[in-house]
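No lab work stands behind these numbers, since they all come straight from the coordinates. Note that the structure is a prediction, hence the values are computed from the model and not measured. No Cβ is skipped: glycine too gets one built from the backbone with ideal geometry, and neighbour counts run over all protein chains shown.
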Amino acid sequence: MTFDKSFLQSIKTVKLYGRIVEIVGVPPVKVAEASLKIPGEKYHWSGKEHSSFNIRVISGKVIDANVVTPGGSIVSLESNGELIEIGK
């Protein structure tokens, strides 16, 4: 799977961690909690074309997410549902 802005747009209303795993189709890698400066558990998927997908979860609910697109841009899905293009 390639992760990009359209993928993030398509999952922006999905709030449950388990449902995200079903959509992606493979389990994520859990990021070491010691590296987190903010609350929650962070999960990472590597995709095709050097893309990636990351989510932060608290109590089974997705708090925020972002993708690194094949072109290297970062697109963030904020907790309010807004997509923000951060750039490279």
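Computing Rg and the Kirkwood Rh from the Cα coordinates of the chain gives a ratio, Rg/Rh, of 0.93.
Modelled this way, with points 7 Å down the Cα-to-C-beta line, the labels at residue 21 and residue 61 are 1.9 nm from one another.
In the chain, the calculated helix contribution to ellipticity at 222 nm averages -4000 deg cm²/dmol per residue, counting -39,500 (n - 2.57) for every DSSP H run with n ≥ 4. Taking amide H as placed 1.01 Å from N in the peptide plane, the amide H of residue 31 sits under 5 Å from that of 42, 43, 44, each at least 5 places away or on another chain.
Remark: spin-label model distance residue 12-residue 85 equals 1.3 nm, labels positioned 7 Å along the Cα→Cβ axis. Across segment 11-19, rounded Karplus estimates of 3J(HN,Hα) from the backbone phi angles (6.51 cos²θ - 1.76 cosθ + 1.60, θ = phi - 60°) give 10, 5, 9, 7, 10, 9, 3, x, 5 Hz, Gly and Pro being marked x.
Applying both filters, DSSP loop and at most 15 other Cβ atoms within 10 Å, to the trypsin sites (Lys or Arg not before Pro) of segment 2-48 gives 12, 15, 37. Extension gain, residue 41 to residue 76, is 10.9 nm, computed as 0.36 nm per intervening residue step minus the present C-alpha separation.
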